[in-house]
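Only the coordinates and a few stated rules stand behind these numbers; no lab work does. If you're wondering where the values come from, they're calculated on a predicted model, not measured in any experiment. Glycine gets a Cβ as well: all are built from the backbone with ideal geometry, and neighbour counts include every protein chain shown.
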Amino acid sequence: MDFTVITEPKKYFLIDFDSTITKVEGLDELAAIALKSDPEGESKVARIKELTDKGMAGELSFSESLTQRLALLKANKSHVDILIEFLKENITDSFDRNRAFLKEFADQILIISSGFKDFIVPIAKHLGLKPENVYANTFIYNETGDIVGVDQSNPLSKTGGKIEVVKFLNLDGHVSVIGDGFTDFEIKKHGLAQRFYAFIENVERSSVTSVADFVIKSLDEFLFYNQLPRGYSYPKSMIKVLLLENVHPAAKAAFEEQGFNVEFLKGALDEDELCEKIKDVSIIGIRSKTQITKRVLEHAEKLLAIGAFCIGTNQIDLKEAEKRGICVFNAPYSNTRSVVELVIGEMIMLIRKVFVKSTGMHQGKWDKSAVNSFEVRGKKLGMIGYGHIGTQLSVLGEALGMEVYFYDIADKMPIGNAKKCRSMEDVFRVADIVSLHIDGRESNTHLIGEKEFNQMKDGVIFLNLSRGHVVDIPALVQALKSGKVGGAGVDVFPHEPKTNHEPFKSELMGLENVILTPHIGGSTEEAQEGIGNYVPERLLEYINNGSTTGTVNFPELSLPLLHDSHRLLHIHKNVPGILAKLNNIFAKHHINIRGQYLKTSAEIGYVIVDIEKSYSREFVQDLKSIEETIRFRMLF
Ligand SMILES: NC(=O)c1ccc[n+]([C@@H]2O[C@H](COP(=O)([O-])OP(=O)(O)OC[C@H]3O[C@@H](n4cnc5c(N)ncnc54)[C@H](O)[C@@H]3O)[C@@H](O)[C@H]2O)c1
Ligand SMILES: O=C(O)[C@H](O)COP(=O)(O)O
């Protein structure tokens with residue numbers, strides 16, 4: 001969109017009321033309130049809504065739509081009072097957060113509405129707007145307070161009423177009209193305004209957007225384009241969030257609540273699809289399937305942050321993301337307990353041969369026998385990887401009376417009576433059950449193969465709920481067939497279907513005493529809800545405040561909330577002298593610094609500077625033109 005900032009001294013903002021300033025159509029809601037106990041209420045309300053829509057879309061003359069609606073409406077003054085309270089709760093989000101603009105420009109903001117002053121004026125006052133700047137209809141009541149008609153002398157009760165009123169106002173200056181209806185566009189069409197902005201935060205009508213000069217998803221966009229005072233430095237509705245792999249609905253709600261433009265897809269995307277889709281995306285949310293490769297990142301021109309709605313981040317090229325100033329977050333422990341519970345359940349099922357017996361029962365086979373069925377109590381549980389999941393499993397394993405042995409490449413403190421081993425082989429030599437809880441770094445590919453299975457005890461129970469590529473599957477198949485491995489639980493695979501509609505294939509299929517699960521270690525309602533809340537919180541903290549708390553690839557900084565300042569976020573290549581360059585620019589432009597924070601990694605530096613609100617465009621330009629700048633953002 002080509003917006004030119006208006007420089008004319010006097011600006012007027014003509015704003016529609018229903019479905020623009022409020023989320024709803026006042027008259028429709030009044031009908032719902034008034035007809036609540038009418039047995040035919042629902043159908044009457046639906047008919048009223050239909051008539052409203054026809055009027056707004058220009059398919060029915062306005063006066064005809066209004067007359068027909070009022071005939072169906074049996075409302076009185078007390079219903080209007082209820083409506084006013086309801087509307088106060090249903091102010092359009094972007095109007096609600098831009099009350100400062102509404103107050104500051106109250107003299108220049110005129111509400112031109114075919115709705116009714118009876119409920120518009122109280123809402124205008126509530127928002128700091130001027131009652132005398134409300135141009136709308138008025139109800140006529142009888143002596144008992146019932147609405148019996150409309151003031152017919154008011155031009156707004158007739159078709160073309162808005163045009164009449166604006167002509168009469170004879171405004172001298174630049175006039176912008178913001179509204180969701182065709183009658184709002186008609187003001188511009190009759191030469192009475194310079195610009196018509198179709199407002200689609202609450203309702204989008206193609207007959208209106210097709211004729212608009214600009215289509216705006218929120219008041220923030222209008223204020224941003226016209227460089228007017230606003231609640232957000234950058235309109236959230238212009239920030240695209242792409243959520244893949246069916247992340248919990250709480251995540252979508254968290255972004256939508258703040259006005260972000262969210263696209264939600266159930267499945268993962270392959271590299272080609274992602275390269276295309278990611279071009280205009282600023283925040284992406286994925287789970288374990290979506291591969292964010294270097295090539296994908298090369299296409300991600302606007303990407304600021306990646307949220308892994310899971311523990312593992314091996315599916316993301318973290319180094320490349322860091323180099324490009326893209327901050328990555330994950331949910332390091334929200335599904336830990338879910339994985340541990342599944343491991344415990346599976347090890348018991350496998351050591352008791354429950355699935356073998358259950359499959360037999362389904363085929364009519366009664367095999368009551370204790371042979372080769374064991375308790376887990378007193379058995380040796382060996383773990384490779386002693387991180388979040390490993391340590392939790394250690395606690396629960398001991399609670400079941402097991403002896404715990406572990407090996408980790410990092411030096412880890414043993415929990416309880418767990419025994420630290422010096423090598424994987426030491427674990428394999430003693431363990432009755434081997435469970436993998438290592439991360440998916442590339443060097444762990446085929447960590448467990450023929451040699452490692454041979455080092456294990458005969459009949460060992462083997463579990464992999466970590467990452468598919470860490471096990472050489474043909475070697476596991478061989479070990480199962482030879483009886484070296486007595487049973488296996490596998491939740492993760494080198495190749496996993498992208499969606500539930502794709503078939504699953506593996507050489508492990510059909511083998512006895514093998515539990516196969518579709519990567520559901522972390523798939524519980526509790527875990528997904530926890531992750532759905534946790535990851536958006538981290539992402540929003542970063543986008544709104546600059547904090548990188550919990551990041552997995554960035555210098556970590558927890559910043560104070562922004563208060564009465566503007567915040568500059570500067571991400572640059574970590575080479576000597578950048579801070580000096582930044583400070584020289586602050587000195588040159590006489591900028592008063594209120595707070596400054598810096599953290600670096602080997603690759604990048606992240607500097608945050610809080611400054612007083614007044615500064616020039618040249619100052620911002622100077623900052624952006626520091627050669628080593630990777631990304632620069634401003635928040636207020
Ligand atoms: N199946 C599922 O749905 C599911 C759910 C959650 C996590 N996971 C996976 O489980 C794994 C473990 O998760 P976590 O939260 O405990 O991770 P974590 O990062 O807390 O722990 C991983 C541990 O493995 C160790 N490690 C890495 N490579 C090793 C090696 N070669 N030998 C020995 N130790 C090694 C690390 O030092 C670390 O202590 C991850 O791969 C994660 O992606 C799977
Ligand atoms: O890394 C993880 O947390 C697990 O592998 C779960 O991944 P998912 O969210 O794709 O099920």
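Summary of computed values
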quantity: Sorted by Cβ neighbour density within 10 Å, fewest at the top, the residues T183, T524; calculated: T524, T183
quantity: Neighbour-count order for F355, F329, F504, F95, fewest beta carbons within 10 angstrom listed first; calculated: F504, F355, F95, F329
quantity: Inter-centroid distance (Cα atoms) of the stretch 213-232 relative to the stretch 277-308, Å; calculated: 27
quantity: Charge dipole of the chain about the Cα centre (unit charges at C-beta), most positive-ward option of L223, N90, F260; calculated: F260
quantity: Span per principal axis, largest first, for the Cα atoms of the stretch 281-416 (Å); calculated: 63, 42, 20
quantity: Between the stretch 153-177 and the stretch 506-573, the Cα center-to-center distance that results, in Å; calculated: 52
quantity: Sparse-neighbour loop sites [trypsin sites (Lys or Arg not before Pro); the stretch 541-636; at most 11 other C-beta within 10 Å; DSSP]; calculated: K613
quantity: Distance histogram for the stretch 88-196 (every C-alpha pair counted, 10 angstrom bins, percent rounded to whole numbers); calculated: 13, 42, 35, 9, 1
quantity: Share, in percent, of DSSP beta bridges within the chain that are antiparallel, nearest 5; calculated: 30
quantity: DSSP beta bridges in the stretch 223-307 [antiparallel fraction, %, rounded to 5]; calculated: 0
quantity: Subset of K11/K130; K36/K74; K412/K484; K189/K236; K277/K498 violating a 19 Å alpha-carbon distance limit; calculated: K412/K484; K189/K236
quantity: The stretch 441-452 - phi-based ³J(HN,Hα) in whole Hz, Karplus 6.51/-1.76/1.60, Gly and Pro as x; calculated: 4, 4, 5, 8, 4, 6, 4, 10, x, 3, 4, 5
quantity: Sequence-distant residues sharing a close amide H with L463 (under 5 Å, placed H); calculated: V434, S435, L436, G489
quantity: Sorted by Cβ density within 10 Å, fewest first, the residues C275, C421; calculated: C275, C421
quantity: Over the stretch 11-225, equivalent-ellipsoid semi-axes from the Cα gyration tensor in Å; calculated: 26, 18, 17
quantity: Largest to smallest principal axis extent of the C-alpha atoms in the chain, angstrom; calculated: 96, 73, 41
quantity: Global form of the stretch 195-257, assessed from the alpha-carbon gyration tensor, a/c cut-off 1.5; calculated: oblate
quantity: Global size of the stretch 336-523 as Cα Rg and Dmax, reported in angstrom; calculated: 15.9, 51
quantity: Distant-in-sequence amide H partners of V262 (H built 1.01 Å from N, under 5 Å); calculated: V241
quantity: Relative contact order, percent, the stretch 336-523 [alpha-carbon distance under 8 Å, six or more residues apart]; calculated: 20
quantity: Rounded, prolate or oblate (a/c below 1.5 giving rounded, otherwise prolate when a/b exceeds b/c) for the stretch 560-635 by Cα gyration tensor; calculated: oblate
quantity: Given the chain, longest segment not containing exposed loop GluC sites (Glu not before Pro) (DSSP; at most 16 other Cβ within 10 Å); calculated: 376-506
quantity: Shape call, the stretch 331-374: gyration tensor on alpha carbons, a/c limit 1.5; calculated: oblate
